[in-house]
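Read the structure below first, then the notes.
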Amino acid sequence: MVEKILANLEKSNCATDSTFMQAVSEVLRSLTPTVESDSRYERYAILERLVTPDRVIQFKVQWVDDQNRVQINNGYRVQFNNSLGPYKGGLRFHPSVTLEMLKFLAYEQIFKNSLTGLPIGGAKGGSDFDPKGKSDFEIMNFCRAFMRELHQYIGARVDVPAGDIGVGLREIGFLFGEYRRITRNYEGALSGKPYAFGGSLMRPQATGYGVVYFAAEMLKEEIQESLEGQICSVSGAGNVALHTIEKLQHLGAKVITCSDSEGTIYDPEGIDMDLLKRIKGNERHLSLEHYIQKKDTAVYTKKEDYPHDGHTVWSYPCFAAFPCATQNELTLSDAARLIENGCIAVIEGANMPTTPNAIDLFHENGILFAPGKASNAGGVAVSEFEMSQNASMEKWDFDKVDHKLNAIMRQIYKRVALTAKENGKERNFVDGANIAAFKRIAEAMILEGI
Ligand code: NDP
């Protein structure tokens, strides 16, 4: 059944759509024995329905830049599945954004949101707008224009977008301001909002901290190890990477790398977090090259000077690696280098950063591999906490949110590890995550009827 669905998808307009096909085939191959064990899945055409989005919304975003020139971008929202709850998933503003990319991210989001055990469906959206180098007013003009179109499709009980690459507190603030002005409705139609108007404490930290909570639980349960004193490599220098590094340091690990789209920093003394935040924190987008101007023990390698095939960030010896930048940033040759250099665990912070052949190599070599749909679910979990706080007009303190996040990440690990074991796939957390997430969604789809 799985092969037939994949063949049909390839024949349809998805043929050119490689990241979406990559995500769908990974999930469907994990599910083969599961779907064959219960005839209801075929009778209700669950797999066919799960690879087709409920709705794809595409719109034109017209705005005016600081030179009074009219600019036009494409805007999108892919509402993939809402059987478990309102559509939920981030908005990405980056020149590489296409409808196909958002379809893959929305599809992954259904499974991630299911794994949290919370009542949220899957969606994703964004634009090919590039926030880099734009003034605050240009960002505001763009966000207002984007929301003028998007507002008609979202709402606290309908679809609740959050941030992603290129969309942080500032952008969500502008988007929410415009939503409120147009609809006259002060409701939690977006998450990741500034604390001043309904945001949850800890939302900026949630994804990165959650990644590390997942890693700590996995290492403790699987190999009775902790992160204290361990050397770790992290890629990226955005929201997820910064907070992953911060929490790893809280737990006593030494993080020796970070990167951005232009190059990599290797600091054998451990990344200086204050310095890194001065370069990349609070919406700043300076080059990582600034890091070595202040810290001469560190090495900066420009992307064009990478000495080998693959990514320099994965070429240093480490105990655990945390890819936190973007999709397909850890390839087969990177995986081989990590294994050769003694890495024993890879925990994804980004969405699908590891290529399928790299994942296979990790599995063949007994590396503990945590897929992003499980390990980076902390962001969406705290977004759901924000929805709960908005609905009940409450404000939770930092410790309460942190405690709940930690509990949910440990629960996700347990759910994934146990499901893998029960299905004869011990320590295959990819299969464990796909099967556990699928069963919850499929049950809801069967119970609600067609
Ligand atoms: P940010 O925009 O804050 O940061 C992204 C980082 O990745 C930047 O350092 C960026 O560098 C770097 N980057 C982007 N493209 C490339 C590339 N092609 N090669 C190398 N580096 C690159 O985004 P987030 O931190 O929010 O998101 C990172 C990942 O985590 C994404 O996959 C996202 O989908 C995922 N994620 C995010 C969540 C969240 O809560 N924010 C939740 C769950 C998953 P530069 O600054 O030079 O562009």
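The values are calculated or read from the model by the stated rules, or taken from the named source; none is laboratory data. None of these values were measured; they are calculated from a predicted model. Neighbour counts are summed over all protein chains in view; Cβ atoms, including those assigned to glycine, are modelled from backbone coordinates with ideal geometry. Just so you know, the surface numbers come from the protein's heavy atoms only, side chains and all, with ligands and any DNA or RNA stripped out. Shrake-Rupley method; radii C 1.70, N 1.55, O 1.52, S 1.80 Å.
Numbers below:
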{"read-out": "Residues of the range 161-197 satisfying the condition of being among the charged types (D, E, K, R) and in a helix (DSSP H, G or I)", "value": "R170, E171, E178, R180, R181"}
{"read-out": "Members of the range 351-370 that are touching a residue at least 60 places away in the same chain (Cβ under 8 Å), open to solvent by less than 10 Å² (accessible area, probe 1.4 Å) and in contact with a Gly (Cβ under 9 Å, 6 or more places away or on another chain)", "value": "P353"}
{"read-out": "Neighbours by Cβ (under 8 Å, 6+ apart or cross-chain): first from the range 380-406, free of Cβ contacts under 8 Å to residues at least 40 places away in the same chain; second open to solvent by 70 Å² or more (accessible area, probe 1.4 Å)", "value": "S388/E394"}
{"read-out": "Of all residues in the range 210-239 being within 9 Å of the ligand (Cβ to nearest atom) and open to solvent by 30 Å² or more (accessible area, probe 1.4 Å), the one that is farthest from A162 (Cα to Cα)", "value": "G238"}
{"read-out": "Only one of D402, D397 that is surrounded by fewer than 24 Cβ atoms within 10 Å (Cβ to Cβ), within 16 Å of the ligand (Cβ to nearest atom), of a type in the set (D, E, K, R) and closer than 30 Å to A156 by Cβ", "value": "D402"}
{"read-out": "Test result for L361, of a type in the set (A, V, I, L, M) and away from the ligand (no atom under 15 Å from the Cβ)", "value": "yes"}
{"read-out": "Residue in the range 288-297 that is under 30 Å from M101 (Cβ atoms), touching a residue at least 40 places away in the same chain (Cβ under 8 Å), within 12 Å of the ligand (Cβ to nearest atom) and crowded, with 16+ Cβ neighbours inside 10 Å present", "value": "yes"}
{"read-out": "Single residue of the range 260-287 satisfying the filter (of a type in the set (S, T, N, Q) and open to solvent by 10 Å² or more (accessible area, probe 1.4 Å)) that is nearest to the chain's Cα centre (by Cα)", "value": "S261"}
{"read-out": "The lone exception for S200 - which of (1) in a helix (DSSP H, G or I); (2) in contact with an Asp or Glu (Cβ under 6 Å, 6 or more places away or on another chain); (3) of a type in the set (S, T, Y) it fails", "value": "(1)"}
{"read-out": "Residue match in the range 48-66 (condition: touching a Pro at 6+ places or on another chain (Cβ under 8 Å), modelled with pLDDT of 95 or more, assigned by TED's automatic domain parsing to the domain that holds V158 and not hydroxyl-bearing (S, T, Y))", "value": "no"}
{"read-out": "Any chance T207 is touching a strand residue (DSSP E or B) at 6+ places or on another chain (Cβ under 8 Å), surrounded by 24 or more Cβ atoms within 10 Å (Cβ to Cβ) and not in a loop (DSSP other than H, G, I, E, B)", "value": "no"}
{"read-out": "Pairs, first in contact (Cβ under 8 Å) with a residue 60 or more places away in the chain in the range 132-147, second in a helix (DSSP H, G or I) and not hydrophobic (A, V, I, L, M, F, W, C), C-beta under 8 Å, six or more apart", "value": "R144/G177; R144/E178"}
{"read-out": "Residue in the range 137-160 that is assigned to a strand (DSSP E or B) and buried (at least 24 other Cβ atoms within 10 Å of the Cβ) present", "value": "yes"}
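Here is a yes/no grid of residues against (1) more than 30 Å from F176 (Cβ to Cβ); (2) buried (at least 18 other Cβ atoms within 10 Å of the Cβ); (3) touching a residue at least 60 places away in the same chain (Cβ under 8 Å):
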| residue | (1), (2), (3) |
| --- | --- |
| L28 | yes, yes, no |
| S37 | yes, no, no |
| E48 | yes, no, no |
| D54 | no, no, no |
| Q67 | no, no, no |
| Y76 | no, yes, no |
| F80 | no, yes, no |
| L91 | no, yes, yes |
